[in-house]
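Some notes on the structure that comes next.
The values are calculated or read from the model by the stated rules, or taken from the named source; none is laboratory data. For clarity, every value in this text was computed on a predicted model and none was experimentally measured. We place every Cβ from the backbone using ideal geometry, glycine too, and count neighbours over all the protein chains shown. These area figures cover heavy atoms from the full protein model, side chains too; ligands, DNA and RNA do not enter into them. Shrake-Rupley method; radii C 1.70, N 1.55, O 1.52, S 1.80 Å.
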2 protein chains.
Amino acid sequence: MKQRFSTTIAYGCAALLATFTYSVSAKQVSISSPDQSITVVVSDEAGFPTYKVSHQNKPVFSESKMGLAFKSLPEFGSEFVITSETRSEFSEVWEQPWGERQFVENTYNEVSITFADKDESKWQFSARFRVYNDGIGFRYEIPEIKGESKVEVVDEDTEFGFASDATAYWIPGRGWNRYEYIYNTTALEDVDRAHTPFTTKLPTGVHVSIHEAALVDYAAFTLDQRRPGVFKTDLTPWYDGSKVKTQLPFKSSWRTIQIASEATGLLNSNLILNLNEPNKLGDVSWVNPGKYVGIWWAMHVNEKTWGSGEKHGATNDETRRYIDFAAKYGFDGVLVEGWNIGWDGSWFHNGDVFSFTESYPDFDLPALAKYAKQKGVKLVGHHETSGSVTNYRNQMADAYDLYEKMGIEQIKTGYVADGGRIKRIDEQGHARHEWHDGQFMVNEYLHSITEAAKRKISINTHEPIKDTGLRRTYPNWIAREGARGQEFNAWGSPPNPPEHTAILPYTRMLSGPMDFTPGIFNLAPYGLQAENRVKTTLAKQLALYVVLYSPIQMAADLPRHYENNKPALQFIVDVPTDWSDSIALAGEIGDYVVFARKSRESEDWYVGALTDENARTVEIDLSFLDADAAYEMQVYQDGKNADWLDRPYEIEIYSKMVRAKDKVTLKMATSGGTAIRFAKK
Amino acid sequence: MKQRFSTTIAYGCAALLATFTYSVSAKQVSISSPDQSITVVVSDEAGFPTYKVSHQNKPVFSESKMGLAFKSLPEFGSEFVITSETRSEFSEVWEQPWGERQFVENTYNEVSITFADKDESKWQFSARFRVYNDGIGFRYEIPEIKGESKVEVVDEDTEFGFASDATAYWIPGRGWNRYEYIYNTTALEDVDRAHTPFTTKLPTGVHVSIHEAALVDYAAFTLDQRRPGVFKTDLTPWYDGSKVKTQLPFKSSWRTIQIASEATGLLNSNLILNLNEPNKLGDVSWVNPGKYVGIWWAMHVNEKTWGSGEKHGATNDETRRYIDFAAKYGFDGVLVEGWNIGWDGSWFHNGDVFSFTESYPDFDLPALAKYAKQKGVKLVGHHETSGSVTNYRNQMADAYDLYEKMGIEQIKTGYVADGGRIKRIDEQGHARHEWHDGQFMVNEYLHSITEAAKRKISINTHEPIKDTGLRRTYPNWIAREGARGQEFNAWGSPPNPPEHTAILPYTRMLSGPMDFTPGIFNLAPYGLQAENRVKTTLAKQLALYVVLYSPIQMAADLPRHYENNKPALQFIVDVPTDWSDSIALAGEIGDYVVFARKSRESEDWYVGALTDENARTVEIDLSFLDADAAYEMQVYQDGKNADWLDRPYEIEIYSKMVRAKDKVTLKMATSGGTAIRFAKK
């Protein structure tokens, strides 16, 4: 059901008023969320456009600048005044084809405010604000301008001026390792440059997270603390320093600010999805959530190689072994890395060596695809570009057609890049290096999505552009990496710390699903005291399937480690990856989190809880369960004496009948967790 | 005396070898300092140009990348190979018209290495390395290329890959406040972006400082730790993102690395000056080192205002008072700020309001210039642009002619800028915002220097481009600010900490003179316990005149505070600002420093010593004194019970006869110092 109401107020054409000065006619436009908890006030009183944000009548962002700088057009912002506003209200409930919930409420108040140069109203732009109960989004809209067509944005002057101190949970922006960093927890003042989602906790307990939504044909931004407490959007540049090369009219992506009275409020928000355009792909019944295993971890723990030779992982025998394992336990897919020519030698420095159609001699793609089909399993494709995107694009049509023919409906893509930069070949044949989150790559990533959609193929992007909710518009963009995942526990220096997955839900996971690849059972391949190991308990690995949402979840370990612990494996076998509802029940950033999710395939509920390096006991009530039903609660929890360092494998598995009125105590060890299935009877 | 020897080795033209591959013909070029303590090895073995540096046979920088990226030309670096080298040796002693020493030894070994694209030798560039006993300098030289003329450098890929951990002493790069930050002392890994000079101390005790020399018509760089331990040159962009807009042929500035076995080795180096071009201005006898007072601090402590009104500082009466005071004590100049129209209202946000020729009604420039002349004193001019450089440039000729006519031979210029960016008006009349250290401003600052030189005027630049030694080429560029100076003690949040001036000599001061404006006698205008006060003892203020070199030194305080302490004032009256020699005798970064300097005007020597928040006793020997002479040692030291917090004024002044064979113990209080004049008998 959609409702829309709209009113427009024009303040008169600035051009008619020869002596118009902002100080005489300074304007303020105020707009609040439907429940009145959040208010935004936009103004031109300062001599340039500003906005400020309050939550429950307390300032969250002080008057913060807005503006854009162009290569040839004059700067938009300074000396611009408000000339009109158009308000509307909107409310609908829309349905996700897959997701953390099936039905999403999308209710907001909107105002589109036009600014014009006070001397010369030829120069105009609008800022559209949508104010929700869980946050705000705003974007720039630059209209057609007579005589102007192509434009280059060289800077965006949007500021976020925090009205108070805060604690910030952040990863460094513009680093060589894209988003793959351990999170810093610091005072706000100690942040230099940060990626988004950028999450903070104010002294009042209010939680605020800055991000962006619907990033299309624009550069991503990082936040740069240019003045104490004031963060400016730092658009990621092209190789030549320009930021956005586009033409009029154009819109920026949405700058988003989630605001919640408590930490779980951030997790229960749909702000990012709601700001995205509805599904453009039509029927997407060919997009299938599921679980997969793969010839992948074996390479990360040095048992196999991507390249050819004795230890080549992607062989016919090995692949059939994995297909058999997948079939036995009901996994949907088998990822195989290292199947294609190019993995021998210097691929890391130059991805041009990769073929995306030619297999190694010991990997028979058609035969294996057929074998998989017989077993009711699908191969999952793999395209590692090593950042050589022109090589990839040149082969893309053939490569996707090949996979389509092979019945492969999902591809994991990769953009690992030596030195942190993508390589493309320009029209003159010169190599240019771009950032993963610059405008060029924003468009390149989307190109792979739309091309894959033509073949009814879904994409799981590794070394991606940050998620900005485009899965709503392109539901075949099923997952991405974009943070430090499980692989860092195999060889990272250092591995992910115990608190890592207790921070991710409040930061990375606000942007969308992550292919974290949970479920390692052999937590310490090199020994419990080794530098490199998984720094969690076994139960926490199970909890990750519920805590870190993804429509595709990997059972990441080698088959033999699962065979050795079938009781614990049962949770992974049971847990779905598509949900009709999700509720964050409890948690604090960096400390712990508890999620409850209802399966979309059945009436079962699942709970996942995990903690940081501190042991923790959390009581939850089961009021989310259907009131009139009984459930068999199947619990996988840390053993009484478990701890991540010395006794990570101790796990207790038990069942008990429960009802909605009951409470459950989750007792978690250090870096521990609890995974529960509530099987409705 | 100059000596130059030169040899060239060509490795054959790459174009002749159709199957030329770098791996077959990988080259290494090695060059050492005259004393063999520093060795640089340049190579193409990695598939791109690299250099590495060792000191006393221990690695200081591992193989570090070199390269440039252009907007239209292909990238220079990757797949480029060494094709020839040209070696030379050079040795001279040159004379400074003014400076910290009169004669400077300039001895180095040089190699110019040419690199060419291995497939297409049309693309070539050179890197010239000069290796001194106190460090290295290297720069890029791009030759003419057939068919190419205008070029844009969009990135420079020079890396500095530290071979070990280090402690770093640094200020954040690309900040809104340019260079005006308190220094951080951290592990190397905790540096994000940093300005240069960027000084480090290795675990071996070796000190290394990265900077640049001879920055002309190029963008300045900051250092960006792109990978752990690896710092990349981040050229400061134009408003549109480009870095250097130039034409072929061109040279970059020199990238410099000072290396010393101990901290004082950094201070006793002439590397930066030696890499600059000799004096281009010819006769510069009109450039006069000296000391000045000024109507300035009064505004910073809120006794006077820059703007008009009751408390206007720049009035006829006040100026005559300062002139009388200057004449009485032998100061050469009187700075007057707030003399010109524009200080009322919004100058901070928009410097276009400033006139550089029109005085306030209560300031009679010609009359005061005449009065000063009669008293044997000169007015010091003041041009605060507030970052509106087009407004300044439009008035510059008239403004400089006016000052010349008034007998003013020195101008303090300012580029305070709201939001940290300069405003210029482009040819279309559009405002563009540039960085203080981008190529545009590098050229703009130099323009003021060359225009001033035509009128025999010297410039003291505040909010400047960092010093890169251009005072050798343009000796009228007498000083600049470019760090947190004394003014931050009046209102800074916080004021400069006790260790600030014990770090500056090893960082900011390596680049050149600083107009720090020392000599505050009323250390705590708001009370000893107030947040804002000078956090040093009185004796340390005197020591600053010797420790922080500048050819122009201010006696910064209000005249009445000097009149109240004539015994201490005597040191300021006596101390010269031009030296025939300078020797850093002892010190450690952030802890303490001791300088000995010999006056150029007499046979006297001076010693200045200061310490951080720790009281400190340092013994020095006087072997720098002439062997066969007796000196009256006039000591100004902290009183026995002095400490910066509660008893900063306690000072002991005494005289004693000494000779070169003697030793002296410097006993310094917390944030204290010692100032000594050795008057030769």
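Approximating the spin labels as points 7 Å out from Cα along Cα→Cβ, the B:Lys454-to-A:Lys373 distance works out to 8.3 nm.
Measuring nothing but how far apart in sequence close Cα pairs (under 8 Å, 6+ apart) lie, relative to its length, region B:8-274 scores a relative contact order of 17 percent. Put a plus charge on the Cβ of each Lys and Arg, a minus charge on the Cβ of each Asp and Glu, and nothing anywhere else: the dipole of region B:391-549 about its Cα centre is then about 320 debye. Counts of other chain beta carbons within 10 angstrom of each beta carbon in peptide B:537-545 average 0. Using a 7 Å projection from Cα along Cα-to-Cβ, the label point at B:Gly407 is separated from the same position in the remaining copies by 10.1 nm, smallest value first.
A dipole drawn for chain B from +1 and -1 charges on Cβ atoms has a positive end, and of B:Thr670, B:Gln486, B:Ala543 the residue lying farthest that way is B:Ala543. Once a ≥ b ≥ c are taken as the square roots of the eigenvalues of the Cα gyration tensor of region A:148-284, is the result rounded (a/c under 1.5), prolate (a/b larger than b/c) or oblate (a/b not larger than b/c)? Cα axes put region A:148-284 in the oblate bin. Considered as an equivalent ellipsoid built on the Cα gyration tensor, region A:529-645 has semi-axes of 24, 18, 13 Å, the largest given first. For region A:389-528, the relative contact order comes to 20 percent (Cα pairs under 8 Å, sequence separation of at least 6). When a/c reaches 1.5 or more, the comparison of a/b and b/c decides; with that in mind, is region B:245-298 rounded, prolate or oblate per its Cα gyration tensor? Because a/c hits 1.5 or more and a/b fails to exceed b/c, region B:245-298 counts as oblate. Across the protein assembly as shown, the convex hull enclosing all Cα atoms gives 192 Å³ per residue. The accessible surface of the protein assembly as shown, taken with every protein chain in place and a 1.4 Å probe, is 47 percent carbon and sulfur. Remark: the Cα gyration tensor places region A:280-472 in the oblate category, a/c being 1.5 or greater and a/b not exceeding b/c. When the chymotrypsin sites (Phe, Trp or Tyr not before Pro) in region A:326-389 are filtered for DSSP coil states and for at most 15 other beta-carbon atoms within 10 Å of their beta-carbon, the remaining sites are A:Phe348. In chain B, a dipole from Cβ-located charges (positive for Lys and Arg, negative for Asp and Glu) runs towards its positive end, and of B:Ile653, B:Leu281, B:Phe48 it is B:Ile653 whose Cα lies farthest in that direction.
Compactness of chain B was expressed as the Cα radius of gyration divided by 2.2 N^0.38 Å, which yields 0.97. Principal axis extents of the C-alpha atoms in region A:483-681 (largest first, rounded to whole Å): 50, 34, 30. Using only side-chain charges placed at the Cβ, +1 for Lys and Arg and -1 for Asp and Glu, the dipole size of the protein assembly as shown relative to its Cα centre rounds to 120 debye. Counting Lys and Arg as +1 and Asp and Glu as -1 over every other residue whose Cβ lies under 15 Å from the Cβ of A:Ser580, the net charge comes to -4.
For the protein assembly as shown, the 222 nm mean residue ellipticity estimated from helices alone, with every DSSP H stretch of n ≥ 4 adding -39500 (n - 2.57) and the total spread over all residues, rounds to -4000 deg cm²/dmol. Each Cα pair under 8 Å and six or more residues apart adds its sequence gap; the mean of these over the residue count of chain A is a relative contact order of 10 percent. For A:Glu45, the point set 7 Å out from Cα toward Cβ sits 6.7 nm from its twins in the other copies, listed from shortest up. Placing a label point 7 Å from Cα along the Cα-to-Cβ direction at A:Gln570 gives distances to the equivalent points in the other copies of 9.5 nm, listed shortest first. Could you tell me the total accessible area buried at the A-B interface, probe 1.4 Å, in square angstrom to the nearest hundred? So the total buried area for this chain pair works out to about 2400 Å². Taking the Cα centre of chain B as origin and assigning +1 to Lys and Arg Cβ atoms and -1 to Asp and Glu Cβ atoms, the resulting dipole is close to 920 debye. Local charge for B:Lys280 was computed over the other residues whose Cβ lies under 13 Å away, with Lys and Arg +1 and Asp and Glu -1, and equals +1. Among the residues of A:64-74, the average count of other protein chain beta-carbon atoms within 10 Å of the residue beta-carbon is 3.
Of all residues in chain B, the one whose Cβ lies closest to the rotation axis carrying B onto A, together with that distance in whole Å, is B:Gly241, 1. Give me the Kirkwood hydrodynamic radius of region A:431-471, using the inverse of the mean 1/r over all pairs of distinct Cα atoms, in Å to one decimal. The Cα-based Kirkwood calculation yields 11.1 Å.
Heavy-atom accessible surface of region A:8-274, averaged per residue, reaches 34 Å², computed with a 1.4 Å probe.
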